[in-house]
Amino acid sequence: MNARVEEPVVAEVASASAQPVRRVSGSHGTDPRSGRRRTLPQLLLAQAERYGDRPFLRAKRHGIWQSTSWKQVVATVLQLSHALRQRGVREGDVVVMLSENLPELYLLQYATQALGAAVTCLYPDAAPHELDYIVGHSGAHLVVAQDQEQVDKALALTEHAQQVRTIVYLEDRGLWNYDDPRLTPYPSLLAEGARATPEDGRALREHIAQASDESVAVLCYTSGTTGKPKGVILTHRYLTDNAYRVIASFGVPEHTVYLSYISPAWAAEQITGLALGLMAPSIIHFSEKPATVQADLREIGPQFLLFTPRQWEMMASSVAAAMLDAKPWRQRLVDWALKAGARRGSWRARIAEVLALRAIRDNLGLKHARIALSAGSGMSAEVFRRFHAMGVPLRNLYGSTEYGLITAHWGGSFHPATLGRLLQVDPQVGAPLEVEVGADEQLLVRGASGFAGYFRDAAATAAVLRDGAFATGDAIRFDEGGEFIFLDRVKDLRRLAGGRPFPPQFIENQLRASPYIRDAIAIGDASRPHVTVLINIDQAIVGRYAEGRSLAWSTFADLSQLPEVHALLRETLVAINEQLDGHARVRCFATFPKELDADDDELTRSRKLRRDVIEQRYAALIDAMYAGASSCPLDVVVQYRDGTRARVHQEVRITPIEAS
C-alpha cells in the first residue's frame with residue numbers, strides 16, 4: 001500500500017518536540033515570459049499585437065466550439081470598458097460577478113480592470129446573504145449575473161439593495177417579463193460600448209498604458225470560517241508574479257490548451273486562467289455547461305489542468321465506479337494495468353499502456369495532460385499514485401489566497417507525501433520566496449510580490465504580519481530532502497487527553513482516497529481519550545455497490561446506514577489504522593444521514609469542511625460515539641437552495657473498529 005511514503009508524515013506529526021526555526025530560500029526564474037511589471041489589460045493589448053488572429057478564447061455553444069481571436073477579444077473588451085464607464089464604473093470601484101466560467105466573464109473582468117476598477121467573483125451557488133454582505137463590504141454598485149437564478153439573488157438584496165444601480169445579465173432565459181429598470185442584457189451593454197468615439201478609444205488606451213501594476217485587480221473573499229469573509233487584495237503585480245511562478249517552474253508551453261473550470265471566485269483561477277492565460281499565452285476553453293464538463297474534457301484534451309483535490313478524487317473514484325459495472329475479465333485487466341503502470345518504463349508498463357491505460361486517460365480527458373496540478377487542500381498519496389499509474393503527471397501545488405503560490409512538485413523531483421519546494425520568482429518583481437518555520441510550526445513567508453492586505457480591514461491585515469512576513473496559519477515541516485510537509489491548519493492541530501498528538505487531516509485525506517467516501521472529519525481533542533470519525537459517503541458509487549449486491553435502500557439516509565456499507569468502510573479504516581501510532585488510531589465511526597452541504601454551512605463554497613459547525617450540529621452523535629453506544633437517534637434540519645427546510649430523523653449506526 002502507501003505506508004512507506006506516508007510514514008514520514010505520521011512520524012513528524014507524532015513528534016512531541018518542537019521543530020527548531022528553519023529558513024529556506026527559493027530562486028529567481030529564467031523564463032523570458034515575464035509580466036514586466038504590467039497590468040492584465042496592458043498584457044492583453046501587447047499580446048493582441050503579437051498574436052492577432054490566433055485563437056485566445058474557445059467556448060462550446062449549441063454543441064459547436066466557437067473561437068475568439070486575440071484581436072476580437074481586445075475589440076470587445078474596449079467596447080465593454082466604454083459601456084461600463086457610461087454606467088458609472090470608475091477607477092477604484094469594485095464590480096461583483098456571479099456566474100459559471102464563461103468567456104463573457106473573462107471579457108467583463110478585463111474590461112473592468114481596463115478602467116482601473118477591480119472585480120470580485122462569487123461562487124455560482126453563493127446564497128443571497130453572502131452576496132448581500134460582499135456587495136455592501138466592497139461598495140459595488142454594478143453586479144454581473146449569469147442567468148435568472150443569479151439575477152433573482154441580486155434583486156433580493158435587502159440591506160444594500162439601493163446601492164446596486166445596474167445588474168448586467170448574460171443569459172436571458174426566464175427574464176423576459178422582468179421589468180426592474182436596473183436590469184441590462186449583455187448585448188445592450190455591448191451596443192452602448194460600440195457608440196464610443198475614436199477620441200474615447202484613444203483616451204481609454206492612454207488610461208490603460210498609464211496604470212500601475214500595484215493597483216487592485218481582484219478582491220478574493222475568504223470563506224469566513226472564523227468570522228465574516230475578508231476581501232483579500234490581489235494586485236496586478238500579484239497575478240502576473242504568480243502566473244510567472246507557474247510558467248517558469250513548470251515550463252508551460254506557448255498556446256497551451258487550458259480548460260477554465262474552477263471558479264474565478266478562487267484565486268487559483270485568477271492566476272492560472274485570467275493571468276497565466278495572457279502570459280503563457282493559453283488557448284482557454286469553456287464548457288457548454290457544468291454537466292458537460294467530462295465530455296468536453298475528452299474533446300479538448302487539455303495540456304494544463306488545475307483541479308481541487310476533491311475533483312481529482314472524484315475523477316479517480318469514477319474509474320473505480322466504472323469497474324464496478326465491468327465484466328470480471330475487464331476488472332482484472334485494469335487492475336493488472338494499473339499495477340504495471342506504476343512501474344513506468346518497464347515492458348509491462350508499455351503493454352499496459354496499449355491495452356488499457358491510454359483508453360482510461362482518454363475517457364477522463366487526460367490523454368494530452370502535460371501539467372496536472374492539485375491545489376486547495378491535502379490529498380492522499382494513494383490518489384497521486386493512482387494517477388501516475390495511469391500515466392497522468394499529477395503534482396501538488398501549495399499556496400494561500402493572501403500570498404499566492406508558494407511550493408509545488410516541479411523539476412525532476414516528486415514525492416506525493418510532500419508539497420514540493422519553493423517556486424521560482426520573476427526577478428523583476430522582487431526577491432525570491434523565503435520561508436521560515438518557527439517553534440509553533442507555522443509557516444511564515446517573505447519575498448516576491450508580497451501580501452497587499454485585506455480590503456478595508458487594517459486590523460486583520462496587521463494580525464497576520466510578523467516582522468514583515470506573512471503568517472500563513474499552516475503548520476508545516478520539512479522532510480529529510482527539504483521538501484515541505486503539510487500537517488494541518490495551526491488552529492486545527494489536535495491533541496488527545498494526556499497531550500498525545502494525532503493528525504486529523506492525514507486521516508481525512510486517506511479516507512477520501514476511497515471511492516466510497518466523499519468527505520470525512522476526524523474527531524478528537526484534549527477532552528477525548530481517542531479518535532473517532534464521521535463519514536459522508538459518495539451516494540452514486542456506494543449506491544452502485546449496494547445495487548450490485550441486491551441491498552434494499554430508497555434514500556441517502558437508508559443507504560448510509562446499511563450494515564454492509566459500514567463493513568465496507570470499516571475495511572478502509574482498518575488499513576489506515578495500520579499506518580498510525582496506537583494512540584492515534586480510529587476507534588469507531590458513524591456515517592452522516594445526509595450529504596454535507598455548503599447551503600447548510602457544513603462546507604465552504606470550495607468544499608472545505610467547517611469543523612466547528614459540524615462538531616456542534618452533530619454533538620449528540622459524537623457524544624454517543626465516545627459513550628460506546630451502538631447507535632444514536634438524530635434529527636437534522638436540511639436547508640434547500642430555495643430557502644425551504646426539511647427535518648431528517650434517522651437512527652445512526654455506530655461501528656467499532658477492533659484494535660489491529
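Observations, loosely collected:
- Flag if Ile521 is modelled with pLDDT of 95 or more and of a type in the set (A, V, I, L, M, F, W, C): no
- Being surrounded by 19 or more Cβ atoms within 10 Å (Cβ to Cβ) and assigned to a strand (DSSP E or B) is a condition met by at least one residue of the range 307-320.
- Candidates Ala203, Ala191, Ala248, Ala211 - the one that is closer than 21 Å to Leu274 by Cα, at pLDDT 95 or above and out of contact with any Cys (no Cβ under 7 Å at 6 or more places or on another chain): Ala211
- Flag if Tyr398 is surrounded by 24 or more Cβ atoms within 10 Å (Cβ to Cβ), under 21 Å from Leu444 (Cα atoms) and in contact with a Ser or Thr (Cβ under 6 Å, 6 or more places away or on another chain): yes
- Residues of the range 321-349 that are of a type in the set (Asp, Glu) and either part of a helix (DSSP H, G or I) or modelled with pLDDT of 90 or more (or both): Asp335 alone.
- Among the conditions (1) at pLDDT 95 or above; (2) within 23 Å of the chain's Cα centre (by Cα); (3) assigned to a helix (DSSP H, G or I); (4) farther than 20 Å from Ser215 by Cα, His129 misses just one, which is (1).
- Within the range 511-526, residues that are in a helix (DSSP H, G or I) sit with their Cβ atoms under 9 Å from residues that are small (Gly, Ala, Ser) and at pLDDT 90 or above, at 6+ positions apart or across chains, in these pairs: Leu511/Ala520; Leu511/Ala522; Arg512/Ala520.
- Residue-level analysis places Thr225 among those that are under 34 Å from the mean Cα position of the chain (by Cα), of a type in the set (S, T, N, Q) and at pLDDT below 95.
- Unique match (being surrounded by 14 or more Cβ atoms within 10 Å (Cβ to Cβ) and farther than 20 Å from Ser317 by Cβ) among Arg385, Arg370: Arg370
- Subset of the range 591-624 that is among the charged types (D, E, K, R) and part of a helix (DSSP H, G or I) - its residue that is farthest from the chain's Cα centre (by Cα): Asp623
- Members of the range 25-70 that are surrounded by 15 or more Cβ atoms within 10 Å (Cβ to Cβ), modelled with pLDDT of 90 or more, farther than 15 Å from Gln113 by Cβ and among the basic types (Lys, Arg): Arg54, Arg58, Lys60
- Enumeration of residues in the range 622-642 that are modelled with pLDDT under 75 and surrounded by 10 or more Cβ atoms within 10 Å (Cβ to Cβ): Val637, Val638, Gln639, Tyr640, Arg641
- In the range 564-592, the residues that are in contact with a His (Cβ under 9 Å, 6 or more places away or on another chain) and among the aromatic types (Phe, Trp, Tyr): Phe589
- Qualifying position, being out of contact with any strand residue (DSSP E or B) (no Cβ under 7 Å at 6 or more places or on another chain) and in a helix (DSSP H, G or I), among Gln113, Gln150, Gln109, Gln162: Gln162
- Filtered residues of the range 484-507 (kept if in contact (Cβ under 8 Å) with a residue 40 or more places away in the chain and assigned to a helix (DSSP H, G or I)): Val490, Lys491, Asp492, Gln505, Phe506, Ile507
- Evaluated against (1) part of a helix (DSSP H, G or I); (2) of a type in the set (Gly, Ala, Ser); (3) loosely packed, with under 14 Cβ neighbours inside 10 Å, Gly174 falls short on exactly one condition, (1).
- Scope the range 575-590; condition in a helix (DSSP H, G or I), buried (at least 17 other Cβ atoms within 10 Å of the Cβ) and either in contact with a Phe, Trp or Tyr (Cβ under 8 Å, 6 or more places away or on another chain) or free of Cβ contacts under 8 Å to residues at least 12 places away in the same chain (or both); matching residues: Ala584
The values are calculated or read from the model by the stated rules, or taken from the named source; none is laboratory data. Source: prediction; values computed, not measured. Cβ atoms come from the backbone with ideal geometry, glycine included; neighbour counts cover every protein chain shown.
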